[in-house]
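*Asks:* One structure, as structure tokens, below. Some questions next.
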Amino acid sequence: MKILVIGSGGREHALVWKIQQSPKVEKIYCIPGNGGIAQLAECVALDPTDVEALANFAQDKSIDLTVVGPEAPLVAGIADVFAKKGLKVFGPSARAAELEGSKSFAKNIMNKYGIPTGEANLFDNYGDAAAFLERLKAPYVIKADGLAAGKGVFIAKDKDEAKAALKSCLVEEQFGMAGKLVLIEEYLEGPELSVLAFSDGKDVIPMVPAQDYKRAYDNDEGLNTGGMGSYSPVSIVTSELYGQIVETVLKPTIEGLASEGIEYRGVLYAGIMLTKDGPRVLEFNVRFGDPETQAILPRLTSDIIEPMLAVANGDLSGVNLAWTDDVCITVVLASGGYPGDYSTGYPIKGLDEAGTVEGVTVFHAGTKVKDGRIVTAGGRVLNVSALGKDFEEARRKAYEAVGKIHFDNMHFRNDIALRAL
């Protein structure tokens, strides 16, 4: 088979890495890819949101299956364009992708079909939003309605922080159209959980759970990021609790969308808060999580192409996933200053040495090849994933590998999976 993967981050490197292990796969292309992906696949410099150009490429290269990593091409309708051309694609339609593309759409689906979530109110102007804050107690949750690369969510400790967040969206327009609408949401407390599942539009097959770290600094301090690390499994999640989430969140969401005339084919990602009143949905994503994928896929021992093809064909019956009992943790190495301003173009040293640590795989996120060297090219630069028999061993291996890598202004959290111990 010829496979095309869309995207350029650590998630896509992990997907390419796992896909190339399949005996069914002969050739992998990636658009646009990165410095690490280029070692496994042929990278092609096309715009990943130019869905017509992507479809033409897939036709020209006789691609058997296209796997979409990031959310932007999905919201732009890549699955719809590919379907019209008779091309198989792994990822939901544009209508289904609104589950991530519009937080208000997701809230409406959850409220209509009884999926547990926090209360929220939608605003399109600063005055009304600021006035609504006066009715609430701190802390405050402010969310840009549209896609903001994981940076449009603010947890404000007081009214001044909350008003600054509202201004950044509604007045300063830092997130463009994504921040034209803003949700002020009920603050929920408890451990967070990432639950991912394959869906063919009718059934779901859940993957192993993971936890990620959104804040930039240790002890969950600093700004929200796209994710600074992750680990799997999650010891506080019993099989009973996981089954409850599947039955009360994943299945009703797929069934609710189907009732709206929307067939959801792809990966459904539910960000869950485990509150004292039970699981509550914080957000939905319509693709593999990043960096959760880098902690989940190393634990998958079965062929990933099987469920991907089954999803694309609309029939998951008979598909089973197999997982190792080993745990996995992923540490994100970021550019200093991320998620704010940062510089790129710094040479990265020690990648080969880090890769020699047993059980470690280094996934590239924001990298590129320049003059024959791997250099930094993004906010999140590398993901160091380590398998171990327990979290103590996995942490030791991961941070041993991290210690072998260097680039100027390199930043990472030291507490990934510490809570799992």
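The values are calculated or read from the model by the stated rules, or taken from the named source; none is laboratory data. This structure is a prediction, so every number in the text was calculated from the model and none was measured. Please note: Cβ atoms are built from the backbone with ideal geometry, for glycine as well, and neighbour counts cover all protein chains shown.
*Asks:* Please specify each residue of the range 110-137 satisfying the condition of being more than 20 Å from Val171 (Cα to Cα), buried (at least 17 other Cβ atoms within 10 Å of the Cβ) and of a type outside the set (A, V, I, L, M).
*Replies:* So in the range 110-137, the residues more than 20 Å from Val171 (Cα to Cα) come out as 110-120, 135-137.
So of that shortlist, the ones also buried (at least 17 other Cβ atoms within 10 Å of the Cβ) come out as 110, 115-118, 120.
Result: Pro116, Thr117, Gly118.
*Asks:* Now, a different point. Of everything in the range 352-366 that's in a loop (DSSP other than H, G, I, E, B) and within 24 Å of the chain's Cα centre (by Cα), which residue is surrounded by the fewest Cβ atoms within 10 Å (Cβ to Cβ)?
*Replies:* Going residue by residue through the range 352-366, those that are in a loop (DSSP other than H, G, I, E, B) are 356-359, 365-366.
The next check asks that each one be within 24 Å of the chain's Cα centre (by Cα); those that pass are 359, 365-366.
Details: Gly359: 18, Ala365: 29, Gly366: 23.
Looking at residues that are in a loop (DSSP other than H, G, I, E, B) and within 24 Å of the chain's Cα centre (by Cα), I get Gly359.
*Asks:* So, one more: It is to be established whether one or more residues within the range 6-20 are more than 18 Å from Leu196 (Cβ to Cβ), at pLDDT below 95 and surrounded by fewer than 18 Cβ atoms within 10 Å (Cβ to Cβ).
*Replies:* Checking the range 6-20: not a single residue is more than 18 Å from Leu196 (Cβ to Cβ), at pLDDT below 95 and surrounded by fewer than 18 Cβ atoms within 10 Å (Cβ to Cβ).
*Asks:* Going by the conditions given, is Met177 hydrophobic (A, V, I, L, M, F, W, C) and modelled with pLDDT of 90 or more?
*Replies:* Details: hydrophobic (A, V, I, L, M, F, W, C): yes; modelled with pLDDT of 90 or more: no.
No, not satisfied.
*Asks:* Within the range 318-343, take every residue that is modelled with pLDDT of 95 or more and among the small types (Gly, Ala, Ser) and give me the one that is nearest to Arg11 (Cα to Cα).
*Replies:* Top of the filtered list is Ala334.
*Asks:* Exactly one condition in (1) more than 20 Å from Lys18 (Cβ to Cβ); (2) in contact with a helix residue (DSSP H, G or I) (Cβ under 6 Å, 6 or more places away or on another chain) is false for Phe363; which is it?
*Replies:* Only one criterion is unmet by Phe363, namely (1).
*Asks:* Pull out all pairs, ordered by first then second residue, where Cβ-Cβ is under 7 Å, the residues are six or more apart or on different chains, the first lies in the range 64-82 and is within 14 Å of Ile31 (Cβ to Cβ) and aromatic (Phe, Trp, Tyr), and the second is buried (at least 19 other Cβ atoms within 10 Å of the Cβ) and at pLDDT 95 or above.
*Replies:* Going by the 7 Å Cβ cut-off, the qualifying pairs are Phe82/Ala55; Phe82/Ala58; Phe82/Thr66; Phe82/Val89.
*Asks:* Something else about it: Does the range 299-323 hold any residues that are of a type in the set (A, V, I, L, M) and loosely packed, with under 12 Cβ neighbours inside 10 Å, and which are they? Step through it out loud before you land on a result.
*Replies:* Looking only at the range 299-323, we keep the residues that are of a type in the set (A, V, I, L, M), and these are 300, 304-305, 308-312, 316, 319, 321-322.
Matches in the range 299-323: Ala322 only.
*Asks:* If you don't mind, there's one more thing I want to ask. In the range 257-264, is there at least one residue being at negative phi, touching a residue at least 60 places away in the same chain (Cβ under 8 Å), among the β-branched types (Val, Ile, Thr) and touching a Lys or Arg at 6+ places or on another chain (Cβ under 8 Å)? Outline the logic, then answer.
*Replies:* From the range 257-264, those at negative phi are 257-260, 262-264; that's our starting set.
The next check asks that each one be touching a residue at least 60 places away in the same chain (Cβ under 8 Å); those that pass are 257, 259-260, 262-264.
With the extra rule that they be among the β-branched types (Val, Ile, Thr), the set shrinks to 262.
Then drop every residue that is not touching a Lys or Arg at 6+ places or on another chain (Cβ under 8 Å), which leaves 262.
There is at least one residue in the range 257-264 that is at negative phi, touching a residue at least 60 places away in the same chain (Cβ under 8 Å), among the β-branched types (Val, Ile, Thr) and touching a Lys or Arg at 6+ places or on another chain (Cβ under 8 Å).
*Asks:* For the range 300-351, name all the residues that are β-branched (Val, Ile, Thr) and assigned to a loop (DSSP other than H, G, I, E, B).
*Replies:* Just the residues of the range 300-351 that are β-branched (Val, Ile, Thr), to begin with: 301, 304-305, 311, 319, 324, 327, 329-332, 344, 348.
Once the filter is applied, which keeps residues that are β-branched (Val, Ile, Thr) and assigned to a loop (DSSP other than H, G, I, E, B), the range 300-351 yields Thr301, Ile304, Val319, Thr324, Thr344, Ile348.
*Asks:* So, one more: From the set of residues in the range 196-214 that are of a type outside the set (Phe, Trp, Tyr) and under 24 Å from Pro139 (Cβ atoms), which is modelled with the lowest pLDDT? Before you say what the answer is, go through the steps one by one.
*Replies:* Going residue by residue through the range 196-214, those that are of a type outside the set (Phe, Trp, Tyr) are 196-197, 199-212, 214.
Narrowing further to those that are under 24 Å from Pro139 (Cβ atoms): 211-212, 214.
On the way: Gln211: 96, Asp212: 94, Lys214: 91.
Going through the qualifying residues, I end up with Lys214.
*Asks:* Right, another one. What strands (runs of 3 or more DSSP E) lie completely within the range 59-144 and have 3 or more residues being β-branched (Val, Ile, Thr) and more than 22 Å from Gly256 (Cβ to Cβ)?
*Replies:* Numbers: elements: 65-68, 120-123, 140-144.
Filter on the range 59-144 gives 65-68.
Okay, residues lined up against (1) surrounded by 21 or more Cβ atoms within 10 Å (Cβ to Cβ); (2) touching a residue at least 24 places away in the same chain (Cβ under 8 Å); (3) more than 30 Å from Glu306 (Cβ to Cβ); (4) touching a strand residue (DSSP E or B) at 6+ places or on another chain (Cβ under 8 Å):
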{"position": "Pro139", "(1), (2), (3), (4)": "no, yes, yes, yes"}
{"position": "Gly152", "(1), (2), (3), (4)": "yes, yes, yes, yes"}
{"position": "Ile155", "(1), (2), (3), (4)": "no, yes, yes, yes"}
{"position": "Ala164", "(1), (2), (3), (4)": "no, no, yes, yes"}
{"position": "Glu173", "(1), (2), (3), (4)": "no, no, yes, no"}
{"position": "Leu181", "(1), (2), (3), (4)": "no, yes, yes, yes"}
{"position": "Gly190", "(1), (2), (3), (4)": "no, yes, yes, yes"}
{"position": "Val195", "(1), (2), (3), (4)": "yes, yes, no, yes"}
{"position": "Asp203", "(1), (2), (3), (4)": "no, yes, no, no"}
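*Asks:* Looking only at strands (runs of 3 or more DSSP E) that lie completely in the range 367-413, which have at least 3 residues being small (Gly, Ala, Ser), crowded, with 17+ Cβ neighbours inside 10 Å and touching a helix residue (DSSP H, G or I) at 6+ places or on another chain (Cβ under 6 Å)?
*Replies:* Working: elements: 367-370, 373-376, 380-388.
Passing ranges, in order: 380-388.
*Asks:* Something else: Please verify whether the range 30-43 includes one or more residues that are crowded, with 24+ Cβ neighbours inside 10 Å, part of a strand (DSSP E or B) and in contact with a strand residue (DSSP E or B) (Cβ under 9 Å, 6 or more places away or on another chain).
*Replies:* Yes, the conditions are met somewhere in the range 30-43.
*Asks:* Still on this structure, I have one more. Could you please find all residues in the range 379-414 being under 20 Å from Gly336 (Cβ atoms) and free of Cβ contacts under 8 Å to residues at least 60 places away in the same chain?
*Replies:* Once the filter is applied, which keeps residues that are under 20 Å from Gly336 (Cβ atoms) and free of Cβ contacts under 8 Å to residues at least 60 places away in the same chain, the range 379-414 yields Val381, Val384, Ala401, Gly403, Lys404, His406.
*Asks:* Scanning for something over 21 Å from Trp323 (Cβ atoms) and of a type in the set (Phe, Trp, Tyr), does the range 268-277 turn up at least one residue?
*Replies:* No, the range 268-277 contains no residue that is over 21 Å from Trp323 (Cβ atoms) and of a type in the set (Phe, Trp, Tyr).
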